[in-house]
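First up is the structure itself, then whatever we jot down about it.
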Amino acid sequence: MSDATDAVVLEGVSKTYQLGDQPVAALGGVSMRLPRGSYTAVMGPSGSGKSTLMNLVGCLDTPTSGRVVVDGQDVAALSDRERTRLRGREIGFVFQTFNLMPRLTAAENVALPMVFQGVSAAERELRARQLLDRVGLAERANHRPRELSGGQRQRVAIARALANDPALLLADEPTGNLDSATGRAIMSQFADLHRAGNTVLVVTHERPIAEHADRIVHLLDGELERVETIDEPRRPHAGDTQ
Amino acid sequence: MNFEESLRISVRAIRGHRLRSFLTVLGVAIGVAAVITFVTLGASLQADVLGEVAGDRTPSMAVSAGPADAAPGPSGPRQAVFTERDVEEIQALDGVAAVVPSGDVPVAGLAFEGQTLGYNQLTASTPAFFDYRTAAEFSAGGPYAQGAAELVLNEPAADLFEVNVSVGDRVAVVRPDGTRVNATVVGLLAASDSPFGGFAIPRVYVPTDPFYETRLESPNSGTQQRVYPTLTVVAEDFQRVGAVREGVLAYLDGESDARQLKPESYEFRAQTAEDVVDQIRSLLDTFTAFVTGIAVISLVVGSIGIANVMLVSVTERTREIGIMKAVGAQNRDVLQLFLVEATLLGVVGALAGIVLGILGAVAATRYAALPLTFPYEWAGIAVLVGLLVGVVAGLYPAWNAARTDPIDALRYE
Ligand SMILES: Nc1ncnc2c1ncn2[C@@H]1O[C@H](COP(=O)(O)OP(=O)(O)OP(=O)(O)O)[C@@H](O)[C@H]1O
Ligand SMILES: [Mg+2]
């Protein structure tokens, strides 16, 4: 059963999409737990259900069956409003496809989650700049997403995920568009967050990236194939590269 | 999310689609402008007409006899039933300052300086007629004298002839039987500003003696007397109009000649200036309501424009809505955002519409030579309507946006 020390608990979680009258099982009975302060990587071939899993943990979606418990609360039992609140306050989400607001500048994109939590404009501005600085994009603060490279957009997305100082950081292929140097910089950011006590869940198909985590969860066809424990995770410091 | 924040985001969204937003605003602006222009035009027309009718009012009433069910008013059917005896009796009633009889004299034409014009009737009355008539300003000369072969023309009538008629000229009145009566022009009436824009009807005024020849035997006195279709009864002051009206009607329904001369089915009526004003007002109200109704339709079209643009906007921004919700926007934040945007379009449209409407009203009243009477409360109403139009038109699209599922929205291409 769920433990107060677990940030996330999945119990027999299934997600079936209905395509016309054709059911598509994206996840079929996955059970796992993410203790608070843990660092977990998810690997698996394309279409194995990684993004589906992230959406469920990120309170964006609810399971067809089974239970998803985030921060001690059953996500399916929450009202839409409470779920949104949980998502906004406790969870930072880096999407596989960035999902930046095209009309907002990088700084405004980073500040967006704070808008909905009632943070004052001055405070938002300050924090957005700091976060962009942390991902090495301080001088791009006033650019719009279309004026940024793929990797830069990804870093804006990461900065935005950190905006509300989330206890749970979810990242779906955060280094997919980055060169190895920038990728390492990002991973050292995650390592720092992990050291600071946050729970981190990263989806990746790159083995070296996955090896930053304490353990790697392997998904295959929507099922949990195996959980691999990393004895000596890579733990770069933010100052290590660049 | 606070209001200021959503306003900022909305302004940005609107500026992101300048042309589309401009056209939407234009739709509402035209609607509001049309309403304001027409309402102002109606109010100005009403002020002008009523000002004219009620302007320098006298405490008078028009007494006539007509069918019971006929609409009252100057153009209703009437019969010459009031004898000279009736005129004298009414004159003697309490509170009556003057009784001015009037009637039409049928003629075949008018001749002047060798030119003969067909003309069908003269207005016969007493000199006092000019004292109690609104807008009877003499531009030259003065009233005729009773018993003299004199006449008064208004300017449109004087202009009928090739050679302009002026005071002192002699005009021949051609009777229906072809005989001519020469009369001296003693006065010219200034063309009154007709409330309906400049078509003043040519009129020729003559004294009842010697021109008015409609006579009947007075049932009470047994003598041949002139009979008139209309009497203007003037009360001594405004306070007594009501009492005089009662007195006149009581006399007429009692021992008057007129009661015996009128058909049984006819009724006497005494219409005061107040009544006329009321009638004209209700007529103009109907007219104003009608054109305003048409203008309101254009406002409805404008609001449909907003709804349409907002729906397109919501669809187009599905992904953005998904992103906002994914990073913590509540349904009501999204609802607020789109409502503010729609309302902003509506209000900006209404404000632009007020400016356009005032310009339109000024131009229209100037063109129609009316005094501008701007109904200020309508400017307020227009802003409220713009606000309402924005809210109502934006409600459904905004609600649609608010209940968008973030997962679906993020998947939307
Ligand atoms: N909304 C949806 N409707 C129908 N099927 C869906 C939907 N979302 C995902 N799927 C299906 O569920 C399965 C898992 O999808 P998911 O996006 O979780 O894969 P993934 O592991 O993230 O793949 P990738 O590595 O390519 O991102 C796929 O077969 C996909 O087609
Ligand atoms: Mg995926």
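The values are calculated or read from the model by the stated rules, or taken from the named source; none is laboratory data. Computed from a predicted model, the values in this text were never measured in an experiment. Every residue, glycine as well, gets a Cβ built from its backbone with ideal geometry; the counts of neighbours run over all protein chains shown. Only protein heavy atoms, including side chains, enter the accessible area calculation; ligands, DNA and RNA are left aside. Shrake-Rupley method; radii C 1.70, N 1.55, O 1.52, S 1.80 Å.
Annotations
- Computed over chain B, relative contact order equals 30 percent, with contacts defined as Cα pairs under 8 Å that lie 6+ residues apart.
- D (Stokes-Einstein, µm²/s), Kirkwood Cα radius, the stretch A:8-58, 1.002 mPa s at 20 °C: 178
- Spatial offset of the stretch A:193-241 relative to the stretch A:69-86 amounts to 25 Å, using the alpha carbon center of each.
- The calculated FRET efficiency for B:Arg12 paired with B:Val277, based on their beta-carbon distance and R0 = 60 Å, is about 0.65.
- Evaluated at q = 0.11, 0.12, 0.13 Å⁻¹, a Debye calculation over the C-alpha positions of the stretch A:107-225 (equal weights, vacuum) places log10 I(q)/I(0) at -0.39, -0.46, -0.53.
- Between A:Ser46, A:Ser31, A:Ser120, the GNM of chain A built on Cα springs shorter than 10 angstrom shows A:Ser120 fluctuating the most.
- Computed on the stretch B:178-330, the Cα convex hull volume stands at 330 Å³ per residue.
- Cβ-Cβ distance of B:Arg20 and A:Arg81, R₀ of 35 Å, FRET efficiency by 1/(1 + (r/R0)^6): the value works out to about 0.60.
- Spherically averaged projected area in nm², based on the convex hull that wraps the Cα atoms of the stretch B:343-413: 6.5
- Loop-located trypsin sites (Lys or Arg not before Pro) in the stretch B:336-413 (DSSP state other than H, G, I, E, B) with a sparse environment of at most 16 neighbouring Cβ atoms within 10 Å: B:Arg403.
- Positive minus negative residues near A:Ala163 (Lys, Arg vs Asp, Glu; Cβ under 10 Å): +2
- Inter-label distance, nm, simple model (7 Å from Cα along the C-beta direction), B:Glu137/A:Arg89: 7.9
- Peptide B:326-338 - average C-beta neighbours from other chains (10 Å radius): 5
- In degrees, nearest ten, helix A:121-134 long axis to first principal axis of chain A (Cα): 80
- Inter-label distance, B:Tyr412 to A:Ser46: 2.6 nm, where each label sits 7 Å from its Cα along the C-beta direction.
- Of all accessible heavy-atom area on the protein assembly as shown, the percent that carbon and sulfur account for (1.4 Å): 54
- Over chain A, Cα pairs under 8 Å with separation of 6+ residues give a relative contact order of 26 percent.
- Cα-Cα separations in the stretch B:297-385 greater than 21 Å, expressed as whole percent: 49
- Cα extents for the protein assembly as shown along the principal axes, largest to smallest and rounded to whole angstrom: 138, 49, 45.
- Fully extending the segment from B:Glu162 to B:Ala289, taken as 0.36 nm per residue of separation minus the present Cα-Cα distance, adds 41.3 nm.
- Both chains summed, the buried accessible area for A and B stands near 2300 Å², from protein heavy atoms and a 1.4 Å probe.
- Acute angle (nearest 10 degrees) that the helix B:331-367 long axis makes with the longest principal axis of chain B, alpha-carbon atoms: 30
- Proximal charge balance of B:Ser218 [Cβ under 14 Å; K/R count +1, D/E count -1]: -2
- Note on the stretch A:49-185: Cα Rg divided by 2.2 N^0.38 Å, N the number of residues, gives 1.07.
- Computed over chain B with a Gaussian network model linking Cα atoms closer than 10 Å, the most mobile of B:Arg281, B:Arg203, B:Arg18 is B:Arg18.
- In nm, spacing of pseudo-spin labels at A:Ile230 and B:Asn308 (7 Å Cα→C-beta vector): 5.7
- Note on chain B: Kirkwood hydrodynamic radius from all Cα pairs is 26.3 Å, rounded to one decimal.
- On the beta carbon distance between B:Asn120 and B:Asp94, with R0 = 45 Å, the FRET formula returns roughly 0.70.
- Accessible surface computed residue by residue for chain B, with neighbouring protein chains in place and a 1.4 Å probe, gives 47 Å² per residue.
- Reciprocal mean inverse distance between Cα atoms of the stretch A:27-106 - Kirkwood radius, Å: 14.2
- Within a Gaussian network of chain A (alpha carbon springs, distance under 10 Å), most fluctuating of A:Leu56, A:Leu193, A:Leu126: A:Leu126
- Here is the list for the stretch B:166-274: chymotrypsin sites (Phe, Trp or Tyr not before Pro) lying in DSSP coil, each with at most 13 other C-beta atoms within 10 angstrom of its C-beta, are B:Phe196, B:Phe199.
- Couplings 3J(HN,Hα) of the stretch A:109-115, computed from phi: 4, 5, 7, 3, x, 6, 4 Hz, in residue order, whole Hz [Karplus 6.51 cos²θ - 1.76 cosθ + 1.60, θ = phi - 60°; x for Gly and Pro].
- Per residue Cα convex hull volume in Å³ - calculated over the stretch B:80-261: 127
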